[in-house]
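So the structure is just underneath, and the comments pick up after that.
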Amino acid sequence: MSINLIVLVKQVPDTKNITAKAMKDDGTVNRAALPAIFNPEDLNALELALDIKDRYNGNVTVITMGPPRAANILRETLFRGADRCILVTDRAFAGADTLATSYTLAQAIKKIGNYDLILCGRQAIDGDTAQIGPQVAEKIGVNQITYVHKIHEIRNDRVLLSRNLGRIMEKIETGLPLLITVPASANQPRSYGAKLMMRFKRARTRLEVEAENDKDNLPAIAAACESLANRGLLIETWSAADLDADPVDIGLRGSPTKVKKVQSVVFAATETRKVDPTETGIRQLMAELIEERTFG
Amino acid sequence: MDNKMSTNGILVYIEIDHDQIATVSLELISKARDLADELGVEVSAIMISDGENKDNAAPFSYGCDHLYRITDTRLKFYETLPYTNLTAQLIRRIEPQIVLFGATPIGRDLAPRVASSLKTGLTADCTDLQIQDHEDRAKKKLYKNILFQIRPAFGGNIIATIISPDHRPQMATVREGVMKLGRANPKRKGQLIELPSELSESDFHNQFIDRLVGRRRINLNGADIIVAGGAGVGGKKQFKLVHELAETLGGMVGASRAAVDNGYIDAEHQVGQTGTTVRPKLYIACGISGCVQHQAGMDQSGKIIAINTDPDAPIFNIAHYGIVGDLNQVIPMMIKSYKAKE
């Protein structure tokens, strides 16, 4: 039995290490000033997919929607063991909220057609919405189970898995096809395979080939792409037209939510009273708090 | 649509947690009541369960006007597809202008799928909801009384105001503890509407093989006093001091993400954007530098005492009392003087 796995991944700005330099004067974040990284929980989803591939002779297709430079994380998935990568990119996708993004990803999944299990990270660190997984599942019309940390068994189009709902752990058996979201606690993502890295370090998208060549020299570009494709090194690029996407459902137009305003977080400074770290200082503070009935 | 919008109400999804209405759902009814009064509309709620929960009056006492109850013994445990279908069905029927869900693990599974099936917008983890007018200058259109959905984004580094001007309903999830629970009025009455579940066997896909319920979560939300430790505590052993101070003061123990990541304490104690949002009377931050993500979860505390060796730690910007010093010395002094006074 071979299991067809699709993993949805995203390149995100590293929001954990935001410095003042990354903030513009108007309070918005300058994404260009932040390093772009592999969304951490998408790595957990990829790891779970690769683990299933190892156990059941599956194949792993990775899809990302993003700007051309998102090809970097696709190469990273090849270094870890993914079989096929697709970059979904088009200026028409810009400004998409989760609804428009999930529609676009669902169109890409439908184009692939053949899938048993779709895996996404629980959420992305730039938006923290956790909405893409459930919305993609709805758009392609499959069941979803969120926060899956373990796949026990897959057999005869059935899957036995465990999910973590915080206080509650559920062990569930359900049918395929299915979409699951994967939290960080699920596993420890593997590092690059040395052989895989040697093999795929030259993997390129067509856009990258264009950038590396004289962009007007079409025959050279076509030859380079063909050569890459023959060696399994061409990362596929799909546009809105390739996805047969309805223009009213993608990008800014397909997004019901609009950002009305953003402001950087400036917590109103409170007048802080300094308390000496001495017996006297602390004794006075505690006496005052008791006096004010702060302790109830 | 505009005309109708003005009278359509607000719907709250009521989550059942161990045969009881989740606190966050009552907090949302309280908030929905305020918003509905501003709009001059009514508050409805939907409750899907197996019928074991008995406290049906609570939604009314917090401000619900119509409670739609769907009872089916097969709906004991949350399962995405039947719950989504029932919720979307009711929304299509009563056409609320706003729908609110708790941003719990279940709410975050359910709400996006419902929004997708209704092709409408959804804003996750709102920290504030307001009714305001929005002027679209490009379209030369004024949207009166729409929902401003305010949430932190970009890892808590910005606060964004999100709107869905052209789509209904306007949907949002809100974390537990963010909205204030109103005062219950047990005399307040509402209308209970029983709806048939109309689900067939084919609507159920999941077979529950095993279900483990962990011990009751530490409920930081209800705590009046929280003593929290951060990376600056330095180790699991030193973290005992934080526990000791909390015990002495009759408070609960909180932690920063760094303390949890370092393994000093379990994740259920975590305060902040990815943990619990708290608003105790007193918050004592021990060895917590106070990054924005942490501040977002505790800056509404009545009084904040910060203990840190670094005088430039951001926590001092929001602290009412700042103690620049070593917590290993300061905490024992606090315990000693508290016990002496008691």
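The values are calculated or read from the model by the stated rules, or taken from the named source; none is laboratory data. For clarity, every value in this text was computed on a predicted model and none was experimentally measured. Note that we place each Cβ from the backbone using ideal geometry, even for glycine, and neighbour counts take in every protein chain shown.
Some observations on this one:
- Remark: B:LYS240 falls outside the filter, which requires a residue to be in contact (Cβ under 8 Å) with a residue 24 or more places away in the chain, over 21 Å from B:VAL278 (Cα atoms) and assigned by TED's automatic domain parsing to the domain that holds B:ASP266.
- Residue in the stretch B:167-188 that is closer than 30 Å to A:VAL248 by Cβ, without any contact (Cβ under 8 Å) to a residue 60 or more places away in the chain and either surrounded by fewer than 20 Cβ atoms within 10 Å (Cβ to Cβ) or in contact with a helix residue (DSSP H, G or I) (Cβ under 8 Å, 6 or more places away or on another chain) (or both) present: yes
- Per-region count, the stretch A:124-148, residues modelled with pLDDT under 95 and of a type outside the set (A, V, I, L, M): 4
- Residue satisfying all of: in the stretch A:87-117; within 14 Å of another protein chain (Cβ to nearest Cβ), more than 13 Å from the chain's Cα centre (by Cα) and not hydrophobic (A, V, I, L, M, F, W, C); surrounded by the fewest Cβ atoms within 10 Å (Cβ to Cβ) among these: A:GLY95
- Within the stretch B:47-105, considering residues that are charged (D, E, K, R) and in contact with a Phe, Trp or Tyr (Cβ under 8 Å, 6 or more places away or on another chain), the one nearest to B:GLU15 (Cα to Cα): B:GLU79
- Identity of the residue in the stretch B:234-261, of a type in the set (Val, Ile, Thr) and either part of a strand (DSSP E or B) or touching a Phe, Trp or Tyr at 6+ places or on another chain (Cβ under 8 Å) (or both), that ends up surrounded by the most Cβ atoms within 10 Å (Cβ to Cβ): B:VAL253
- Yes/no for B:ALA45 being touching a Pro at 6+ places or on another chain (Cβ under 9 Å) and surrounded by fewer than 19 Cβ atoms within 10 Å (Cβ to Cβ): no
- Test: residue in the stretch B:55-62 that is at pLDDT below 95 and not aliphatic (A, V, I, L, M): yes
- Taking the stretch A:99-118 as the range and being of a type in the set (Val, Ile, Thr) and either in a loop (DSSP other than H, G, I, E, B) or in contact (Cβ under 8 Å) with a residue 60 or more places away in the chain (or both) as the test, the residues that pass are A:THR104, A:ILE109, A:ILE112, A:ILE118.
- Within the stretch A:205-246, tally of residues that are in contact with a Cys (Cβ under 8 Å, 6 or more places away or on another chain) and touching a residue at least 60 places away in the same chain (Cβ under 8 Å): 2
- Selection status of B:ASP109, in contact with a strand residue (DSSP E or B) (Cβ under 8 Å, 6 or more places away or on another chain), within 8 Å of chain A (Cβ to nearest Cβ) and either in a strand (DSSP E or B) or under 27 Å from A:VAL182 (Cβ atoms) (or both): yes
- Test: residue in the stretch A:257-279 that is among the basic types (Lys, Arg) and farther than 30 Å from B:HIS167 by Cβ: yes
- When residues of the stretch A:118-169 are limited to those that are among the β-branched types (Val, Ile, Thr) and over 23 Å from B:ALA267 (Cβ atoms), the one surrounded by the fewest Cβ atoms within 10 Å (Cβ to Cβ): A:ILE140
- Taking the stretch B:112-140 as the range and being among the hydrophobic types (A, V, I, L, M, F, W, C) and facing another protein chain (nearest Cβ under 8 Å) as the test, the residues that pass are B:ALA115, B:LEU122, B:ALA124.
- Residue match in the stretch B:133-145 (condition: of a type in the set (S, T, N, Q), free of Cβ contacts under 8 Å to residues at least 40 places away in the same chain and assigned to a strand (DSSP E or B)): no
- Yes/no for A:ARG75 being surrounded by fewer than 19 Cβ atoms within 10 Å (Cβ to Cβ), in a helix (DSSP H, G or I) and at pLDDT 85 or above: no
- Restricting the stretch A:139-156 to residues that are outside any strand (DSSP E or B) and not hydrophobic (A, V, I, L, M, F, W, C), the residue that is nearest to A:ILE250 (Cα to Cα): A:LYS139
- Sole residue being facing chain A (nearest Cβ under 9 Å), over 22 Å from A:ILE290 (Cβ atoms) and part of a loop (DSSP other than H, G, I, E, B), chosen from B:GLN273, B:GLN300: B:GLN273
So that you can scan it fast, the table gives a plain yes or no per residue for (1) crowded, with 21+ Cβ neighbours inside 10 Å; (2) in the same structural domain as B:THR276 (by TED's automatic domain parsing); (3) closer than 22 Å to B:GLY190 by Cα:
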{"position": "B:LYS31", "(1), (2), (3)": "yes, no, yes"}
{"position": "B:ASP34", "(1), (2), (3)": "no, no, yes"}
{"position": "B:LYS54", "(1), (2), (3)": "no, no, yes"}
{"position": "B:LEU75", "(1), (2), (3)": "no, no, no"}
{"position": "B:ASN85", "(1), (2), (3)": "no, no, no"}
{"position": "B:ALA88", "(1), (2), (3)": "no, no, no"}
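- Matching residues, the stretch B:66-106, being of a type in the set (Asp, Glu) and either away from chain A (no Cβ under 12 Å) or free of Cβ contacts under 8 Å to residues at least 60 places away in the same chain (or both): B:ASP72, B:GLU95
- Residue match in the stretch B:156-177 (condition: of a type in the set (Asp, Glu) and either within 16 Å of the chain's Cα centre (by Cα) or more than 9 Å from chain A (Cβ to nearest Cβ) (or both)): yes
- Of all the numbered requirements in (1) within 22 Å of the chain's Cα centre (by Cα); (2) in a loop (DSSP other than H, G, I, E, B); (3) at pLDDT 90 or above, B:VAL278 misses one, and that requirement is (3).
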